[in-house]
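Values in this text are rule-based calculations from the coordinates and carry no lab data. This is a predicted model, so every value here is computed, not measured. All Cβ positions, even for glycine, are placed from backbone atoms using ideal geometry, and neighbour counts span all protein chains on display.
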Amino acid sequence: MITLYGFDRVKEAIVGTTRDMRAQWALEETGLPYQVRGLDFLAGDLEHAEFRRLSPFAQVPVIDDEGFVLTETGAVVLYIAEKAGKLVPTDPQGRAQVTRWCFAALNTIEPTLLELAADAANGEDRASQERRRGLAKRASALVGSLEAWLADHVFLTGPDFSVADILMTTVLRNARSTQVLDDFRRVTAYRERCEARPAWQRTLDAYEKRLGVPAGSTR
């Protein structure tokens with residue numbers, strides 16, 4: 001059985017956007033048996049020597065598959081998919097396309113969306129406003145490129161849902177506190193299409209129970 005190390009307590013501001021949700025969604029989609037080992041971020045569980053031996057950078061998620069330990073979100077969800085034989089093509093070119101979009105979500109789009117969301121809490125002085133406008137412009141350009149791509153794609157790599165869609169959808173959740181997605185109807189529809197999947201709903205239910213937050217509060 002796979003053990004997923006995920007949060008059971010975090011700062012209120014990041015509830016609903018933590019990366020352990022991505023691994024749990026992949027596990028729910030594939031049907032692999034798993035259990036969650038909860039970590040209290042606020043109590044410093046990620047800094048304990050035991051966890052540091054598993055995760056060199058003290059980050060979540062981590063999975064332990066009967067002694068095989070893996071970190072880094074993209075690697076974790078791809079491993080889950082390949083172990084289950086689901087959510088990723090078996091041919092090299094198909095797999096490469098899914099991997100490409102995993103990288104695009106994590107490396108191209110997420111950093112700017114995270115920075116924009118974090119900057120929303122900064123002051124209203126002139127320097128902060130100019131910085132925020134620059135970030136919003138960059139974020140809109142990135143999401144606009146995704147909008148154009150989705151004109152011809154139901155999911156990122158074609159008609160089939162993949163682990164790349166898990167990553168992209170959860171990355172887009174980082175923009176919930178901004179207005180950057182408001183003008184992109186295809187991206188919004190894509191996110192809603194992915195989030196309507198039963199496996200995601202099960203992930204949210206389990207996550208809310210694990211963190212002890214009100215049902216429906218992370219939707």
Normalised per residue, the volume inside the convex hull of the alpha-carbon atoms of the stretch 92-196 in Å³ amounts to 86 Å³
Please sort 165-178, 51-64 by packing, taking for each peptide the average over its residues of neighbouring beta carbons within 10 angstrom, highest first.
165-178, 51-64
Compute the distance from the alpha-carbon center of the stretch 1-18 to that of the stretch 80-99, in whole Å.
26 Å
Listed residue (177, 77, 67) projecting farthest to the positive dipole end of the chain, Cβ model
177
Search the structure for amide H atoms under 5 Å from the amide H of residue 8, placed 1.01 Å from N in the peptide plane, and list their residues when 5 or more places away or on another chain.
39, 40, 41
